[in-house]
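Below: the structure, in structure tokens.
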Amino acid sequence: MKFKDQRVIITGGTRGIGKGIAREFLKEGATVIATYIRNDVEAEKFKLEFQEYGDRVDVRKFDVSNSEEVQAFYNYLGETYPSIEVLVNNSGVRMDNLVPLMKEDDFRKVIDINLIGTFLMSKYAVKSFLRNRFGRIINISSIGGKLGLAGQANYAASKAGQIALAKSMSKEVGKKGITVNCVCPGFIETELIADLPEEQVKAYKMQVPLKRFGKVEEVAFAVKFLASDEASYITGTTLDVSGGL
């Protein structure tokens, strides 16, 4: 019960990697506030699956890229919980295309949700963390933010931005007892890559030294470590969970 009496926000927390992260924190005693933007069906499934944890599961629907909605969410947290200890910025979308064919709106939407959402959530989290001089921010970035992948210029730019944001923020808030880090998954078995053509999946697996895609729980374990007391001297860095990419 390493996270007993701690509150953990996980954006995009009702499915995929976010759901896996939520499961690990709940098992360790935390209260999880999972957010989502549109998939009500998955949100209800999430509530049912974790109903054994009772009031330690809180699900909230809003847009992380909308400043007013983010502020309203943090106002709710301030009225409901004594403190917040961990923020996991996991919300993310992909809208792939080659740059000459990519719509400007598709580029902006990916940046808005993946990067602006991370900025807004982190901004208000820090204000909350400062009261207790403690906090953990973990951005779920991507190995694509380091390597770049054809057809994912918008996604790679947003993920590289998360890494740079974490490095800058870590220097601003470190003396306040707040750490800011990134986890960079490679190819993980979730619905986010389920739409890839079979031949592309085979090609990607050939690039991975371990010759397989990662599991959600393997990412979740990395996040849990960076949120733990054992990682209190780690900040401004990235932990790759990529099978060696």
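Of note:
- Carbon/sulfur fraction of accessible area - region 83-183, other protein chains in place, 1.4 Å, %: 57 percent
- On full extension, the segment bounded by Glu230 and Ala194 gains 9.5 nm, given 0.36 nm per residue less the C-alpha separation.
- Cα-based Rg of the chain normalised by 2.2 N^0.38 Å, two decimals: 0.96
- A Förster radius of 45 Å, combined with the Cβ-Cβ distance separating Leu147 from Tyr53, puts the computed FRET efficiency at roughly 0.75.
- Full extension of the chain segment joining Phe62 with Arg133 gains 22.8 nm, where the gain is 0.36 nm per residue of separation less the Cα-Cα distance.
- Pairs spanning more than 18 Å between alpha-carbon atoms, out of Lys61/Lys127; Lys103/Lys123; Lys4/Lys224; Lys146/Lys167; Lys123/Lys146; Lys109/Lys159: Lys61/Lys127; Lys103/Lys123; Lys123/Lys146.
- Residue among Asn181, Asn66, Asn89 with the largest mean-square fluctuation in a Gaussian network model of the chain, springs linking Cα atoms under 10 Å: Asn66
- Between the helical axis of 16-27 and the longest alpha-carbon principal axis of the chain there is an angle of about 30 degrees.
- Mean residue ellipticity (222 nm) of the chain, computed from DSSP H runs ≥ 4 via -39,500 (n - 2.57), nearest 500: -13000 deg cm²/dmol
- Heavy atoms of the protein chains alone define the surface here; on that basis region 114-245 has 46 Å² accessible area per residue at 1.4 Å probe size.
- Treating r as the C-beta distance of Ala164 and Asp40 and R0 as 41 Å, the FRET efficiency rounds to 0.75.
The values are calculated or read from the model by the stated rules, or taken from the named source; none is laboratory data. It should be emphasised that the depicted structure is a prediction, and the values quoted were computed from it without experimental measurement. Here Cβ is always computed from backbone atoms with ideal geometry, including for glycine, and neighbour counts include all displayed protein chains. These area figures cover heavy atoms from the full protein model, side chains too; ligands, DNA and RNA do not enter into them. Shrake-Rupley method; radii C 1.70, N 1.55, O 1.52, S 1.80 Å.
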